[in-house]
């Protein structure tokens, strides 16, 4: 499964309601329970980050679009990029880097 980092910015604070935040948190909970959301949280600069697990970019975009925040455009800017996690198991991609030197 691929991983996608989503950076959410340009918050529209005037759109926030108790129902919206409750629906958003419930959606995050659902994603977490099925293993599609390994990380999410607010940043100190007013933006937010999500990491989504999906089989494709299109699927990740659908997951993001289904978030209640997306439905009301709470964050006007939603940037997504695929990330290849560097781990002990893949030697932090060292072999691949060395092949291309």
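Quick notes on this structure:
- Residues in the stretch 20-51 that are without any contact (Cβ under 8 Å) to a residue 40 or more places away in the chain and in a strand (DSSP E or B) were compared, and the one that is nearest to residue 3 (Cα to Cα) is 39.
- As a summary of the residue check, residue 83 satisfies the conditions (1) touching a strand residue (DSSP E or B) at 6+ places or on another chain (Cβ under 7 Å); (2) within 28 Å of residue 13 (Cα to Cα) except for the one numbered (2).
- Scanning the stretch 18-44 for residues that are surrounded by fewer than 10 Cβ atoms within 10 Å (Cβ to Cβ) and touching a helix residue (DSSP H, G or I) at 6+ places or on another chain (Cβ under 9 Å) turns up just one, 19.
- Counted residues, the stretch 56-94 - those being farther than 14 Å from residue 5 by Cα and loosely packed, with under 10 Cβ neighbours inside 10 Å: 3
- Which numbered condition residue 78 fails, given (1) assigned to a loop (DSSP other than H, G, I, E, B); (2) under 25 Å from residue 12 (Cα atoms); (3) in contact (Cβ under 8 Å) with a residue 24 or more places away in the chain; (4) within 11 Å of the chain's Cα centre (by Cα): (1)
- Only one of the listed residues (12, 3) is touching a strand residue (DSSP E or B) at 6+ places or on another chain (Cβ under 7 Å) and surrounded by 15 or more Cβ atoms within 10 Å (Cβ to Cβ). That residue is 3.
- Condition check for residue 88: part of a loop (DSSP other than H, G, I, E, B), in contact with a helix residue (DSSP H, G or I) (Cβ under 8 Å, 6 or more places away or on another chain) and at negative phi: no
Each reported figure results from applying straightforward, stated rules to the coordinates on display, with no laboratory input. The model shown is predicted, which means the values in this text are computed figures rather than measured ones. Cβ coordinates were reconstructed from backbone atoms using ideal geometry, including for glycine residues, and neighbour counts include every protein chain displayed.
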